[in-house]
1. Using +1 at the C-beta of Lys and Arg and -1 at the C-beta of Asp and Glu, which of Ile304, Leu315, Gly353 has the Cα lying farthest in the positive direction of the dipole of the stretch 257-471?
2. Just to make sure I understand: if all protein chains stay in place, what is the order of Thr404, Thr129 by accessible area at 1.4 Å, largest first?
3. Could you size up the charge dipole of the chain around its Cα centre, putting +1 on the beta carbon of Lys and Arg and -1 on that of Asp and Glu, and report it in debye to the nearest 20?
4. Share of Cα-Cα pairs in the stretch 243-333 beyond 18 Å, in percent?
5. In sequence order, what are the phi-derived ³J(HN,Hα) couplings for the stretch 64-76 according to the Karplus relation 6.51 cos²θ - 1.76 cosθ + 1.60 with θ = phi - 60°, rounded to whole Hz, with x for glycine and proline?
6. Determine the alpha carbon to alpha carbon distance for each of Lys177/Lys235; Lys16/Lys95; Lys118/Lys177; Lys163/Lys290; Lys286/Lys457 and list only those over 26 Å.
7. Between Glu489 and Lys388, what is the label-to-label distance in nm when each label sits 7 Å out along the Cα-to-Cβ direction?
8. Within the stretch 30-51, find all residues whose amide N lies under 13 Å from a label point positioned 7 Å from the Cα of Glu216 along Cα-to-beta-carbon.
Amino acid sequence: MFEVQSHLTGTWVRGKREHPLFDPSSEERVGTAWCDPPLEGVLEAARAAGPGLRARSFGERGAMLDALSKTLRNHREELIDVSIRATGSTRADAKFDIDGGIGTMAYYAGIGSKLGNKRSLVEPGEALTKDPRFYGMHLWVTRPGVALHINAFNFPAWNLAEKLSVAILAGVPVISKPATSTSILAHRMAQIIVESGVLPQNAFQFLVGKADGILEALGPQDHIVFTGSASTGAKLRQTSAVVHRSTRLNIEADSLNSAWLLPEVAPGSEVYQAFMRDVIKEITQKAGQKCTATRRIFIHRSIIDTLQSELIEGLEGVRIGHPSLEEVHVGPLATRDQVLEFHRGVEALIGSGARLVFGDPKKVHPIGVPEGKGYFVPIILLRADNPKQSDAVHQIEVFGPCATLCPYDSIEEGGELICKGDGSLVASIYGEERESLRRALDAIAPFHGRMLVVNPKVVGKTISPGTVLPSCIHGGPGRAGGGEELGGERALRFYMQRVALQGDRAFLEQWEEGQ
Ligand code: NAP
């Protein structure tokens, strides 16, 4: 049995609230999360770790991340096994989470090495008057606060590692709170990080359960970085730290991501086939429990029937079952609550005018699992013939293997429908002609954090749209939370203050050199 504990002020602590944890494939109890430990001294311990971290250069902090990523990589096989058992991930899905986290850490180690001896970032300056000596420049300096990281259940390894990497590289101590339901994997990662001894004392603390006590005490130099539901995000926006003390808050929330096949793409073409591959992957990978999964599929009305039949053929080849079996592509959802939420969501979409074209919500027969056991759901494909009227299709993120086909008649109409999602993490656009691609991008760019554009020049060379790369930003406007994470060096700025400096150019540049 796994025993999930917190690591606070230098020791492992067992919280007072017992939260049972289950294997999503068998529903057998596999562990306990001991939630809500005493929080006295936790914030102070994190604050005390700050000066030591900030005194180090980006290069030195990057070296810590490099060592940590190597240590985690040494435990990769064990982590994958834990993920399969405790989160219901298939081996491929477990690797996506774990390798993604370790890879992001290694990427930020590389950025640290590139920035070298520096501890601040500088923007190009300019003379402020006719006298070139009176000069203005902007410098980014690390804020002397702490970071509270609140992670979602679907990427327990990646979420912990990507958030930790950026904060540590920026020089900010971290209190990392996993989602309780998948905390077994996050806990094992935390153990490895703590046992490695790579990070300075209390630069990383791990909190299982409620974070209210910390949230209330955060101040103007502190940071909250949240991934999860829009409703929890809304609560965080209303905390007194954020409202009254301007604690920085970054939110990654729900997202109705779109895949858009432009009218000129003919069935059978290379771009069409890439579209089909990506859509099937984005419906099924991690059993659809991905913030970047495709939820809405936009197809020109003239070919939607053909495409629907081919898509169904592709989905028929996807096997649901016990995640430890090699032939299985889709495992269970993480918890029973997520199964209930999935069914509620599918019902809402149907209630809003979408109709079932593949899968029966009541029927799922996973391979290698006793009948009726496990948190399995079927793959569901819906079609909204009048997507302008089906509001729920653009508003409800069904967090599982479910997507809705939407016909459109013109690029302008397709763009308008996509924007009804009110802001998403990612859209993927598949086209052949420059002009139509340009019109499509113009129509939806301000509503997205990221867009994957597949044309004949890059077809076969792209990665599928749900993959978050550390070099590009992850986040999106509106419903997606309005946040921004990753994006290479840009990510560091969330933890830094931009300060305009005006004065004697020679002095300012000399001072900046020493930073
Ligand atoms: P959630 O319930 O919002 O939980 C996310 C994190 O917030 C967890 O660590 C949770 O802790 C914590 N939390 C919950 N209430 C809190 C509060 N009042 N104050 C501080 N922290 C709080 O979301 P979820 O269960 O992970 O996922 C639910 C839905 O979120 C999904 O169905 C999906 O729609 C969406 N989601 C979006 C993304 C994205 O990146 N866009 C990712 C994952 C999920 P506990 O686990 O201890 O409650």
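1. Leu315
2. Numbers: Thr404 5, Thr129 75 Å².
Output order, biggest surface exposure first: Thr129, Thr404.
3. Dipole about the Cα centre, nearest 20: 1020 debye.
4. Percent of Cα pairs beyond 18 Å in the stretch 243-333: 55.
5. After applying 6.51 cos²θ - 1.76 cosθ + 1.60, I find 5, 5, 4, 5, 5, 5, 5, 4, 4, 4, 5, 9, 4 Hz.
6. Lys16/Lys95; Lys118/Lys177; Lys286/Lys457
7. Spacing of the two 7 Å Cα→Cβ label points: 4.8 nm.
8. Those under the cut-off are 39-40.
The values are calculated or read from the model by the stated rules, or taken from the named source; none is laboratory data. Keep in mind that what you see is a predicted model, and the values were worked out from it rather than measured. We place every Cβ from the backbone using ideal geometry, glycine too, and count neighbours over all the protein chains shown. Ligands, DNA and RNA are excluded from the accessible area calculation, which covers all protein heavy atoms including side chains. Shrake-Rupley method; radii C 1.70, N 1.55, O 1.52, S 1.80 Å.
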